[in-house]
Each structure stands twice: as structure tokens, then as C-alpha cells.
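The values are calculated or read from the model by the stated rules, or taken from the named source; none is laboratory data. The shown structure was predicted, so the numbers you read here are calculated from the model rather than taken from an experiment. Heads up, the Cβs are rebuilt from the backbone with ideal geometry, glycines too, and the neighbour counts pull from every protein chain shown. For the accessible areas, the whole protein counts, side chains as well, though only heavy atoms, and no ligand, DNA or RNA atoms are used. Shrake-Rupley method; radii C 1.70, N 1.55, O 1.52, S 1.80 Å.
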Amino acid sequence: MNMVIEDQYRAIVDGDGLTYSPVRPTPVGGYMVSLAGSERTIPLERFTSGDFADYMSDYEFRVMNEGHFYGAWVDAGLVYLDLSVNVADRAEAEAMGRLESQLAIFDVANGYVISL
């Protein structure tokens with residue numbers, strides 16, 4: 001398996017989660033907003049690096065060509081995978097999150113979840 005994917009897999013299962021794109025830097029500010037329809041949830045005990053590689057393959061075009069990021073985190077024994085975008089303005093991010101039927105957005109600079 002690709003070492004980059006293995007490193008990303010470890011970041012996910014070790015509880016840090018990740019925001020990743022192979023073609024643009026990881027955001028250091030703004031707000032991450034998940035895109036409806038791209039979500040995938042897998043029980044942590046069954047999650048493998050192959051699952052993440054498959055997810056990346058399924059959404060490669062959108063990440064490479066549309067400015068999206070892969071997102072992943074663990075909560076309550078489940079791994080959540082999604083596509084997300086970085087939005088600079090909080091009010092805009094909250095509005096977009098609601099339009100995308102999301103429960104929360106992520107404040108990158110401060111490292112916390114904002115419930116919607």
C-alpha cells in the first residue's frame with residue numbers, strides 16, 4: 001500500500017483526523033464545510049487503509065479538479081469520510097453548511113467543531 005495512504009490512515013485512526021489534497025496545501029485558517037452526498041461512514045474496527053484508498057479513488061476527480069479536500073475523523077467508534085471545501089468567512093461557511101445539510105463545520109485555525 002502507498003506510504004502516503006498508510007500515513008493518512010494512521011492519522012485518521014489515531015484520532016487526529018485529516019484534511020488532505022494531493023494538489024493544494026492543507027488549510028491553516030477558515031472553516032471546513034462538508035459536501036452533501038459525499039459522506040461515507042465505516043465502523044472503526046472494520047476501517048482499513050484500503051477503505052480510505054477506495055474513497056480517495058472514488059472522489060479523485062473532484063479533489064484534483066474542483067478544489068475539494070478529503071476529510072476524515074473518528075467519532076463514537078465510527079470513521080467519517082467526506083469531501084469538504086475551505087470557506088474563509090464564518091457566516092458564509094455556516095450558511096453553506098446548512099445548505100449542504102451538515103450538522104457542523106470545522107474551525108481550522110482554532111481546531112474545533114461548530115454545531116449548526
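Brief remarks on what is shown
- Among the GluC sites (Glu not before Pro) found in region 1-90, those both in a DSSP coil and sparsely packed, with 16 or fewer other Cβ atoms within 10 Å of their Cβ, are Glu39.
- Cut-off 13 Å, label 7 Å out along Cα→Cβ of Ala11, residues of region 26-44 by amide N: 26-28
- Carbon/sulfur fraction of accessible area - the chain, other protein chains in place, 1.4 Å, %: 51 percent
- With DNA, RNA and ligands ignored, accessible area of Asp54 (1.4 Å probe; Å², nearest 10): 90 Å²
- Multiplying the residue separation of Glu92 and Ile114 by 0.36 nm and subtracting their alpha-carbon distance yields 6.6 nm.
- Projecting the Cα atoms of His68, Met96, Tyr55 onto the charge dipole of the chain (Cβ charges, centred on the Cα centre) puts Met96 farthest toward the positive pole.
- Accessible surface, the chain, averaged per residue in Å² (probe 1.4 Å): 55 Å²
- For Asp16, net neighbour charge (Lys/Arg +1, Asp/Glu -1) across residues whose Cβ lies under 12 Å away: -1
- Dividing the mean sequence gap of close Cα pairs (under 8 Å, 6+ apart) by how many residues the chain holds gives a relative contact order of 35 percent.
- Only helical runs count toward this figure. For the chain, summing -39,500 (n - 2.57) over DSSP H runs of n ≥ 4 and dividing by all residues gives -9500 deg cm²/dmol at 222 nm.
- For the chain, the Cβ-based charge dipole about the Cα centre amounts to some 120 debye (Lys, Arg positive; Asp, Glu negative; other atoms uncharged).
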